[in-house]
1. Cα-Cα over 28 Å: which of LYS250/LYS623; LYS454/LYS656; LYS454/LYS507?
2. Using the Karplus equation 6.51 cos²θ - 1.76 cosθ + 1.60 (θ = phi - 60°), what ³J(HN,Hα) coupling, rounded to whole Hz, does each residue of the range 145-152 give in order, writing x for Gly and Pro?
3. Which aspartates and glutamates, if any, have their Cα less than 20 Å from the Cα of LYS388, not counting same-chain residues under 8 positions apart?
4. Which whole-number value in Å³ per residue fits the convex hull of the alpha carbons of the range 400-501?
5. Taking the Cβ of ALA273 as the centre, find all other residues whose Cβ is under 12 Å away and add up their charges (Lys, Arg: +1; Asp, Glu: -1).
6. Counting only GluC sites (Glu not before Pro) that are in a DSSP loop and have at most 12 other C-beta atoms within 10 Å, tell me the longest site-free stretch of the chain.
7. Show that you can apply the helix-only estimate: for the chain, add -39,500 (n - 2.57) for every DSSP H stretch of four or more residues, divide by all residues, and state [θ] at 222 nm to the nearest 500.
8. Using the Karplus curve 6.51 cos²θ - 1.76 cosθ + 1.60 with θ = phi - 60°, work out ³J(HN,Hα) for each residue of the range 199-206 in order, rounded to whole Hz, and write x for Gly and Pro.
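Any read-out appearing in this document is the output of simple, stated calculations on the displayed coordinates, not a laboratory observation. Model, not experiment: these values are computed from the prediction. No Cβ is skipped: glycine too gets one built from the backbone with ideal geometry, and neighbour counts run over all protein chains shown.
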Amino acid sequence: MKTISKILIIISIFLISLNSLNAQVVNGWTSLNSGFNGEVNAVIKFDTLLIAAGSFTYAGTTPVNRIAYWNGSSWQPMGDGFNDTVYCLALYQGILLAGGKFTYSGSTPVSRFAYWNGVNWAGVMGGANGEIRTMLTINNNIYLGGSFTNVGGIPVNNIAKFDGTTTFSMGSGLNDKVLAIEEYGGSIYAGGHFTFSGPNSVSKIARFNGTNWVPLGTGVNDYVYSLKNYSGKLYVGGKFTSAGGNNNIKYLASWNGSGWNAVGGGVDNEVNAMTVFLGYLVIGGQFLRVGPQEDSNYVNRVAKWNGTSWSNLSTGANNRVKALYTFNDSSLVAGGIFSTLGGRMSYFISMWKKVVTYSISGNVKYYGTSNPVTSGKVYAIRLDLYTKEILFLDSAAIQTDGSYILPKVRSDSVYIIAYPNSTTTQDYIPTYYPSATIWENASRFVLTHNETDKNIFVHPIQTIPGQPYTMSGKLKLNYLPFGYTSGSGMKFKAGSIISLKLSGVYKSFSISNRFEDYLVSNLANGNYEVTVTRLGYASKFTNVIVNNSNVVNFVINLDTTYNPTSVTYKPEIPSGYMLSQNYPNPFNPVTMIKFGVPEFSFVKLTVTDILGREVRNIVNENKQPGTYEVLFNASGLTSGTYFYTLESGDFRETKKLVIIK
């Protein structure tokens with residue numbers, strides 16, 4: 001009885017959390033057109049323009065050679081760009097500077113240190129003889145860090161000061177690469193992989209006292225990637241697992257001028273970037289979790305800290321965040337090696353900002369009678385492409401006449417679904433628009449304007465209250481996001497809907513919690529048809545017999561509909577949309593499907609059976625121009641003939657594949 005009560009409480013909390021949604025100002029991660037074809041290491045605001053730099057060579061179909069500016073709708077090249085990686089950007093007296101591994105801009109020698117003259121890139125004072133990895137401007141000086149021994153003809157050791165005309169050494173310099181520089185308490189601090197400055201031991205971080213580099217206690221035990229002055233402390237991020245000899249301080253630490261401290265229970269992996277945005281310290285890296293407890297925030301590589309507690313920025317990124325920059329009071333830019341941020345496709349760069357919203361309205365009615373539904377909620381939802389969490393974009397109460405209005409739904413690819421107010425007082429099954437009890441039969445639409453007449457016909461429950469039996473167990477989702485070793489207790493494991501039908505009539509339903517538990521109550525004896533549906537996973541159908549006892553430990557496993565072994569992108573842009581015949585064919589269980597996209601567009605690649613039922617949703621996202629090779633894994637499908645279809649805009653092409661097991 002305690003277990004059943006616990007499950008009911010958790011399911012109720014799930015529904016209450018949905019009901020707590022209300023329309024507010026909508027902020028979120030937004031892709032910047034097609035993004036790039038390689039990693040972004042640095043971003044900066046120059047005049048009114050956003051500049052991005054890294055190792056990429058294309059933005060969509062436009063060659064940009066490792067640096068580009070955003071004109072508000074597309075990325076554009078800056079002169080000839082560079083022949084190798086850009087690691088850092090800075091402004092010096094209104095001039096844009098770039099540092100990195102590059103040696104040429106077109107045919108112009110620039111030797112790792114260059115400035116933008118308004119038309120093209122030019123070298124600065126003969127450049128550096130090794131990589132420039134970080135730059136910081138303070139008053140009339142710019143500080144350079146990296147792996148070099150000469151800047152502008154002046155011998156230096158991995159760090160230098162430049163006043164616009166002359167390079168100056170800083171004491172004895174540092175004996176290994178410098179990756180971060182920051183000002184704190186009137187002094188210059190450097191972080192990296194060094195261990196000495198001259199004869200002085202300075203383990204990975206040091207302060208310049210005007211003459212020499214001095215240690216911060218015993219320093220840290222591994223790479224420092226980022227430094228940021230925030231709220232009276234110096235925050236240090238990196239690869240280290242000990243700070244000041246304390247093995248409980250890992251990856252992120254604060255220095256108060258005299259000692260080291262952990263930050264909010266710490267993070268569980270490397271920190272690569274930091275910025276201050278709207279009063280928060282925002283960090284990015286390869287971490288998944290912040291905080292010390294087992295149920296601490298899983299934030300996925302980007303999080304914000306207010307000095308006392310952590311919070312997330314949507315559902316984070318699917319791979320490392322390497323750059324963060326505050327563009328203005330309402331916009332934050334992230335760069336790195338990710339392809340999704342906030343569960344949306346964003347190739348290597350994304351902006352957190354206020355986003356366009358639209359309304360969705362209609363009526364909720366009972367299927368079969370068209371009588372109005374008088375209670376419950378309607379939600380606009382979508383699937384997080386990284387975690388496969390169900391994202392609730394907006395909600396609205398169903399009015400007594402059956403009408404609803406979702407007032408602020410961001411422009412997105414959305415489903416809408418009606419839920420009753422609770423799982424204990426049930427009068428209909430959660431139903432997708434227009435009248436689907438499984439999500440594969442629902443109508444998804446891309447929201448570009450206010451939508452009306454989105455009427456949902458829900459399937460009623462007919463039962464006699466007080467029936468004695470229950471059915472319980474787990475609805476297991478087989479997918480784990482990249483970087484996770486377990487999903488137990490995570491939000492992306494919740495939300496599976498299990499419904500039971502007896503003699504063609506729905507009798508009850510339940511929604512699984514984040515531990516994948518469910519409990520269906522109010523069951524009489526009988527042979528029930530069981531349906532389990534979860535957005536992003538193939539729906540399952542089975543039967544169960546209730547015979548004078550509860551059904552316990554009944555487990556149903558769901559396979560993700562996005563089930564390729566791998567997707568390989570090549571910047572070979574076709575003249576038009578292209579879908580090739582899979583190879584090998586017939587196959588078991590893996591085959592290669594190749595397709596081409598000539599322009600940035602929303603692409604859908606699906607597999608259907610001979611009856612036209614969708615069995616796999618392989619691609620369902622924006623794609624940048626290029627050629628893609630998908631290793632499709634047909635595990636879980638039976639032998640037979642299937643069809644795969646590529647759709648984008650007005651283009652649609654279908655080919656046949658055969659599975660032999």
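1. Details: LYS250/LYS623 37 Å; LYS454/LYS656 34 Å; LYS454/LYS507 26 Å.
The pairs that break the limit, which is 28 Å between Cα atoms, are LYS250/LYS623; LYS454/LYS656.
2. Those phi angles translate into x, x, 10, 8, 10, 7, 10, x Hz.
3. Answer for LYS388, where 20 Å is the Cα cut-off: ASP295, ASP412, GLU440, GLU516, ASP517, ASP559, GLU614, GLU621, listed by chain and number.
4. On the way: hull volume 16.7 nm³, N = 102.
Roughly 164 Å³ of hull volume per residue.
5. Numbers: positive: LYS228, ARG301, ARG320, LYS322; negative: GLU270.
So the surrounding residues net to +3.
6. That gives 1-293 as the longest site-free run.
7. Values: 1 runs with 18 residues, N = 661.
So the helix-based figure for the chain works out to -1000 deg cm²/dmol.
8. Computed from phi, the couplings for the range 199-206 are x, 8, 7, 9, 7, 6, 8, 7 Hz.
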